[in-house]
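For reference, the structure is listed below as structure tokens.
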Amino acid sequence: MGSMTVYGGQPLRGSVKISGAKNAALPILAASLLSSERVILRNIPDLTDVQTMIEILRAVGSAVSFKDGCVEIEPPLSPNTSVPYELVRKMRASFNVLGPLAATYGDAVVSLPGGCSIGVRPVNYHITGLESLGFKIDIVHGFVRASLKKKKKEVVISLPFPSVGATEHIMTAAAVMKDLHTVIENAAAEPEVEDLGNFLNAMGCRVIGAGTRHIEIFGTRELLPCDYTIIPDRIEAGTYAVAAAATRGHVEISNVEVKHLSAFTNVLKETGTTLEIVKPRTIIVSMKDRPANVRVTVEPYPGFPTDLQPQMIAFLSISQGTSVVTETVFKMRFHHVDELKRMGANIELTNGTAIIQGVSKLSGADVNATDLRAAAALVIAGLMAEGKTVVHDVDQIFRGYEKIMEKLSALGAEISYEG
Ligand code: EPZ
């Protein structure tokens, strides 16, 4: 599972260009299954999760090429609408091919995704959403079959929680259900949901309000060939911003949509970090001292993103005073805390909240990554710490950070990888 060795103490300096957003690429690749026309996608990051989704499209029968950030997809001539377990097991987001396959071909089978280290991660909102659209859902031996049973005219789906995956899954299936008007209330409003809505419209669908809590979809079967460029990755951008601040460096971050990161940049400024917007999609992050202590509450967008919570906790482990981070999206997402404590952090967990007594510095140690963002947090902790840190089980980091070794080395990080 690979390990990264990091020698801490070097401030990161220089510039880094942000890649396309993993969490926009995955639902958009799944949605490409709706089309009987060619789909071209640009700014697609070369990540293991993207490779997995491309494997799934090929397993369904699509012809897919991927070169220099550009994915070209030709639709399947004779689709295979049951997705093998070993692919879904690798990545939860693959469950979202169920809706588009069943809506396009009438019937599909996909295995239930497993849990993962950040939580149980049920798909009940996905299933009740698809049932509301008129699908019959059977769950047998860990597989979910969806088959189109009832033609409806009007559906209103009110999500108990603004789930990103459930919102995207329902939007994608509803987009091709001819003559069906679907309303999603309490929808997730993340920029990646908005990007999916823009992609569906580029294919000739009619989606209104993607990126807000209220989305309306008017189903259609007339889709067009399309050529679509996805948004930059706000979580990658936030990760490098934290790394710059945590190492008291000075880093220019380009190709970033600053408006996608407002809640995060507000917190970063509260810590005393300087953020300067030098061009429309370029910021400079610099920091000279330990961060001031802050209170952070993770919330669905537009709140502080859960995918930057581990990185922020690593940074705040050296805050001047006591910082508090409350997680409301994945309440168990604190496995990185035990590892940070091995490096000298002083953090207590109580009921979904981390109480961080800032220490003057971390010390390098052997640590274990439990998920993609925990891996990023531990690499940042290694960059901040005195001495050598080895992050074990680190390969998960390549699921979400394109060319991370090259990008960090170019910023002056003393880092190496052993497979
Ligand atoms: C997406 O996961 C992202 N993944 C996650 O990023 C991100 O952390 C998460 O949204 C929240 O922003 C992708 O987009 C591929 P949710 P998703 O459905 O869709 C509960 C990363 O590191 N829930 O918004 O799985 C769920 O348990 C990954 O890039 C149900 O109870 O997240 C959680 O508590 C990690 N039933 C909450 O909702 C359901 O049917 C939010 O989950 C669905 C979700």
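The values are calculated or read from the model by the stated rules, or taken from the named source; none is laboratory data. Only a predicted model underlies this, so the values are computations on that prediction, with no experimental measurement involved. We place every Cβ from the backbone using ideal geometry, glycine too, and count neighbours over all the protein chains shown.
Key figures
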{"item": "Qualifying positions in region 138-169 - at pLDDT 95 or above, within 25 Å of V88 (Cα to Cα), more than 14 Å from the ligand (Cβ to nearest atom) and surrounded by fewer than 17 Cβ atoms within 10 Å (Cβ to Cβ)", "result": "D138, S147"}
{"item": "Verdict on L57 being among the hydrophobic types (A, V, I, L, M, F, W, C), within 16 Å of the ligand (Cβ to nearest atom) and in a strand (DSSP E or B)", "result": "no"}
{"item": "Count of region 114-163 residues which are part of a loop (DSSP other than H, G, I, E, B) and either within 24 Å of P302 (Cα to Cα) or in contact (Cβ under 8 Å) with a residue 12 or more places away in the chain (or both)", "result": "19"}
{"item": "P76 within 18 Å of V50 (Cα to Cα), away from the ligand (no atom under 12 Å from the Cβ) and out of contact with any strand residue (DSSP E or B) (no Cβ under 7 Å at 6 or more places or on another chain)", "result": "no"}
{"item": "Residues being under 19 Å from S36 (Cβ atoms), of a type in the set (G, A, S) and assigned to a loop (DSSP other than H, G, I, E, B) - total across region 166-204", "result": "2"}
{"item": "Where T172 falls short, out of the listed (1) away from the ligand (no atom under 16 Å from the Cβ); (2) under 16 Å from R92 (Cβ atoms)", "result": "(1)"}
{"item": "Matching residues, region 139-161, being touching a Ser or Thr at 6+ places or on another chain (Cβ under 7 Å) and among the small types (G, A, S)", "result": "G142"}
{"item": "Near pairs, Cβ below 8 angstrom, 6+ apart or cross-chain, from region 172-185 (over 11 Å from I215 (Cβ atoms) and in the same structural domain as F135 (by TED's automatic domain parsing)) to any residue that is in a helix (DSSP H, G or I) and polar (S, T, N, Q)", "result": "T172/N96; V176/T104"}
{"item": "Top-ranked residue in region 111-137 [being within 14 Å of the ligand (Cβ to nearest atom) and aliphatic (A, V, I, L, M); ranked as farthest from S78 (Cα to Cα)]", "result": "I118"}
{"item": "Test for V207: is it at pLDDT 95 or above, assigned to a strand (DSSP E or B), in contact with an Asp or Glu (Cβ under 9 Å, 6 or more places away or on another chain) and of a type in the set (A, V, I, L, M)", "result": "yes"}
{"item": "Region 275-296: number of residues that are surrounded by 15 or more Cβ atoms within 10 Å (Cβ to Cβ) and without any contact (Cβ under 8 Å) to a residue 40 or more places away in the chain", "result": "6"}
{"item": "Members of region 179-222 that are surrounded by fewer than 16 Cβ atoms within 10 Å (Cβ to Cβ) and on the phi > 0 side of the Ramachandran plot", "result": "D179"}
{"item": "Residues (closer than 28 Å to D179 by Cβ, of a type in the set (S, T, Y) and assigned to a loop (DSSP other than H, G, I, E, B)) located in region 210-264", "result": "T220"}
{"item": "Some residue of region 63-73 being crowded, with 18+ Cβ neighbours inside 10 Å and either outside any strand (DSSP E or B) or of a type in the set (D, E) (or both)", "result": "no"}
{"item": "Residue check, S94 among the hydroxyl-bearing types (S, T, Y), in a helix (DSSP H, G or I) and assigned by TED's automatic domain parsing to the domain that holds Y125", "result": "yes"}
{"item": "Flag for S94 being closer than 21 Å to N23 by Cα and hydroxyl-bearing (S, T, Y)", "result": "yes"}
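Yes/no matrix, rows are residues, columns are (1) acidic (D, E); (2) under 22 Å from the mean Cα position of the chain (by Cα); (3) modelled with pLDDT of 95 or more; (4) more than 30 Å from V285 (Cβ to Cβ):
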residue: M1; (1), (2), (3), (4): no, yes, no, yes
residue: E37; (1), (2), (3), (4): yes, no, yes, yes
residue: E55; (1), (2), (3), (4): yes, yes, yes, yes
residue: V71; (1), (2), (3), (4): no, yes, yes, yes
residue: V97; (1), (2), (3), (4): no, yes, yes, yes
